[in-house]
1. Out of (1) open to solvent by 30 Å² or more (accessible area, probe 1.4 Å); (2) touching a Ser or Thr at 6+ places or on another chain (Cβ under 9 Å); (3) of a type outside the set (Phe, Trp, Tyr); (4) within 29 Å of Met387 (Cα to Cα), what's the single condition that is false for Val325?
2. Can Pro340 be described as within 28 Å of Phe261 (Cβ to Cβ), open to solvent by less than 10 Å² (accessible area, probe 1.4 Å), out of contact with any Lys or Arg (no Cβ under 6 Å at 6 or more places or on another chain) and not hydrophobic (A, V, I, L, M, F, W, C)?
3. Could you look through the stretch 260-289, keep only residues that are assigned to a loop (DSSP other than H, G, I, E, B) and touching a helix residue (DSSP H, G or I) at 6+ places or on another chain (Cβ under 6 Å), and pick out the one that is most open to solvent (accessible area, probe 1.4 Å)?
4. Assess whether Gly450 counts as being in a helix (DSSP H, G or I), open to solvent by less than 20 Å² (accessible area, probe 1.4 Å), modelled with pLDDT under 70 and of a type in the set (Gly, Ala, Ser).
5. Got a sec? Which of Lys307, Lys249 is open to solvent by 20 Å² or more (accessible area, probe 1.4 Å) and at pLDDT 95 or above?
6. Residue pairs, Cβ under 6 Å, 6 or more apart or interchain, first in the stretch 249-262 and under 11 Å from Val140 (Cα atoms), second open to solvent by 10 Å² or more (accessible area, probe 1.4 Å) and of a type in the set (A, V, I, L, M). List them.
7. Test Phe471 against the stated conditions and say whether it is within 18 Å of Arg335 (Cα to Cα), hydrophobic (A, V, I, L, M, F, W, C) and either assigned to a loop (DSSP other than H, G, I, E, B) or touching an Asp or Glu at 6+ places or on another chain (Cβ under 6 Å) (or both).
8. State whether one or more residues within the stretch 193-204 are open to solvent by 10 Å² or more (accessible area, probe 1.4 Å), out of contact with any strand residue (DSSP E or B) (no Cβ under 7 Å at 6 or more places or on another chain) and at pLDDT 95 or above.
Amino acid sequence: MSDKLALLQHPGGSLLSHKPECCKWRSSAAQPRKPISWSLICGLMLFCLGMISLFTGHVASDLEWYSQRLMKRRSYFKLEGINKGPIDIWQSDYAKYFYGCSKRSRNFPLAIRERSSNGYLLIAASGGLNQQRTGISDAVVVARILNATLVIPELDHRSYWKDDSDFANIFDVNWFISYLAKDVTIVRRVPDKFMRSMDKPPYTMRVPRKSPPEYYLDQVLPILQRRSVLQLTKFDYRLANNIDDELQKLRCRANYHALRFTKPIQELGQKLVTRMRAMANRFIAVHLRFEPDMLAFSGCYFGGGDKERNELGEIRKRWETLTDVDADEERRRGRCPLTPHEVGLMLRALGFANDSYIYVASGEIYGGEETLRPLRDLFPNFYTKEMLADEDLKPFLPFSSRLAAIDYIVCDESDVFVTNNNGNMAKILAGRRRYMGHKRTVRPNAKRLGPLMMERDEMDWDTFARKVKAFQKGFMGEPDEMRPGRGEFHEYPYSCICERPLSDVVDNKRGDPRSEQGNQGLRERSKEEEPVLGAKDNEA
């Protein structure tokens with residue numbers, strides 16, 4: 001991090017710099033040669049011994065340092081290879097070794113007060129609910145970098161979802177402000193007196209994607225200081241993944257703690273979770289993401305004939321930069337989402353029985369009930385928010401983001417979360433579930449499963465299931481899948497994951513209700529009927 005950033009992170013505005021003093025040898029004038037005294041010889045011997053001791057001491061110190069680093073790496077990566085054998089499909093056996101940790105450091109200075117800040121930062125978050133969530137979390141960090149007062153972000157009302165909900169309609173504003181009070185000063189709006197005193201309207205700009213903190217300090221801060229109020233538009237994924245660990249932890253505090261849904265959303269979401277739990281001790285949540293916009297954007301073809309090509313082709317025109325692609329080639333490369341039928345086949349192949357309860361989170365499924373029927377046949381205990389909520393859902397129906405928030409809650413609380421793409425909700429929930437204890441999260445290995453699904457009618461069920469299990473190793477949400485610097489930070493929040501001491505795991509093992517009961521239930525489950533692999537899923 002640059003000195004400029006370090007300076008801004010100290011409320012006093014002073015940069016502490018500790019420069020070591022340089023030692024200089026002084027040369028003296030030539031002196032007549034004198035007999036070598038015993039004191040000089042002893043002094044040279046002591047000096048040599050001191051140098052040897054110093055050198056060996058440094059070597060020992062370096063060895064100790066490298067040993068500690070190696071032990072730490074070995075400790076964190078001691079789980080390498082855990083996916084070589086069969087795994088518990090309902091929970092990770094190694095989740096107990098890790099926990100979410102985003103507590104602020106004692107050395108992290110307190111937030112700058114509003115009057116002392118460099119100005120007011122306005123944020124216009126873009127996209128749907130989960131895309132906006134990434135923007136809001138990053139906006140908190142950017143405000144901290146700039147020593148700015150953050151104004152409650154504005155949400156996008158013109159995106160594909162056409163939702164006019166404001167921040168206060170989805171998130172608890174008071175909680176958001178109070179929880180982050182020590183990190184960033186947040187206000188609901190720029191004071192009216194201040195706005196009236198301005199001779200120019202707020203300056204508006206858009207920063208490049210994944211900009212590092214230095215960009216904000218060099219390019220954004222001068223404008224903020226000059227204009228006092230600055231708005232950043234289309235704010236999504238505008239902050240780099242790799243930033244200082246303390247700022248990463250702030251990112252996690254904002255995302256996993258400060259962004260709490262409003263009471264009506266939270267209550268309905270928890271009510272749906274309770275209703276699922278009343279029917280089954282554990283359940284699967286599947287985010288199908290098989291809406292028309294997703295399919296059109298992918299450029300893939302799902303067997304719906306000219307009708308599908310024309311309908312999705314019209315939607316695809318909304319993105320002027322998209323080019324024509326070879327649908328079959330995209331599918332072979334694993335760039336297409338699985339159909340609901342294929343998602344069901346993957347789950348059954350992994351070992352989830354046909355009496356498992358699943359909650360399907362999605363918007364408008366392309367093809368409607370006809371598309372969903374094969375998945376229902378594979379998992380008859382099939383539920384959606386519309387089926388569980390009844391009349392309670394009516395107030396939320398006009399607002400897609402609030403409906404997405406309800407799905408978010410149920411998916412977060414599920415025992416197993418299954419994503420069908422690597423979109424915003426998939427990334428956000430995958431990261432949150434890692435942070436909350438590495439709850440089982442299944443992400444299809446699309447590069448391998450795509451071609452396999454195209455050839456599935458050419459093999460028997462045992463062969464198909466064996467290949468699915470082999471392909472999905474490393475895509476089941478195990479702790480060793482996460483590496484520093486890999487992927488989006490919101491999906492892999494490595495700076496906010498800590499290792500639990502082994503002694504704590506041993507002490508708490510008896511008190512963990514999941515440790516044996518879940519495995520015992522799985523062992524006692526009788527062999528279920530196997531799905532029949534018929535023709536390809538040719539209809540959308």
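1. So Val325 meets the others, but not (4).
2. Values: within 28 Å of Phe261 (Cβ to Cβ): yes; open to solvent by less than 10 Å² (accessible area, probe 1.4 Å): yes; out of contact with any Lys or Arg (no Cβ under 6 Å at 6 or more places or on another chain): yes; not hydrophobic (A, V, I, L, M, F, W, C): yes.
So Pro340 fits the description; yes.
3. Filtering the stretch 260-289 down to residues assigned to a loop (DSSP other than H, G, I, E, B) leaves 260, 262, 280-283, 288-289.
When the remaining residues are screened for being touching a helix residue (DSSP H, G or I) at 6+ places or on another chain (Cβ under 6 Å), the result is 260, 283, 288.
Working: Arg260: 98, Phe283: 0, Leu288: 1 Å².
Across the stretch 260-289, the extreme among qualifying residues is Arg260.
4. Values: in a helix (DSSP H, G or I): yes; open to solvent by less than 20 Å² (accessible area, probe 1.4 Å): yes; modelled with pLDDT under 70: no; of a type in the set (Gly, Ala, Ser): yes.
Against the criterion (in a helix (DSSP H, G or I), open to solvent by less than 20 Å² (accessible area, probe 1.4 Å), modelled with pLDDT under 70 and of a type in the set (Gly, Ala, Ser)), Gly450 does not qualify.
5. Working: Lys307 fails: at pLDDT 95 or above.
Step by step, each of Lys307, Lys249 is checked, and only Lys249 is open to solvent by 20 Å² or more (accessible area, probe 1.4 Å) and at pLDDT 95 or above.
6. none
7. Details: within 18 Å of Arg335 (Cα to Cα): yes; hydrophobic (A, V, I, L, M, F, W, C): yes; either assigned to a loop (DSSP other than H, G, I, E, B) or touching an Asp or Glu at 6+ places or on another chain (Cβ under 6 Å) (or both): no.
It is false that Phe471 is within 18 Å of Arg335 (Cα to Cα), hydrophobic (A, V, I, L, M, F, W, C) and either assigned to a loop (DSSP other than H, G, I, E, B) or touching an Asp or Glu at 6+ places or on another chain (Cβ under 6 Å) (or both).
8. There is no residue in the stretch 193-204 that is open to solvent by 10 Å² or more (accessible area, probe 1.4 Å), out of contact with any strand residue (DSSP E or B) (no Cβ under 7 Å at 6 or more places or on another chain) and at pLDDT 95 or above.
The values are calculated or read from the model by the stated rules, or taken from the named source; none is laboratory data. All values reported here derive from a predicted model rather than from experimental measurement. Using ideal geometry, Cβ is built from the backbone for each residue, glycine included, and neighbour counts are taken over all protein chains shown. The protein model used for the area step is the full one, side chains on, heavy atoms only, and it has no ligands, DNA or RNA in it. Shrake-Rupley method; radii C 1.70, N 1.55, O 1.52, S 1.80 Å.
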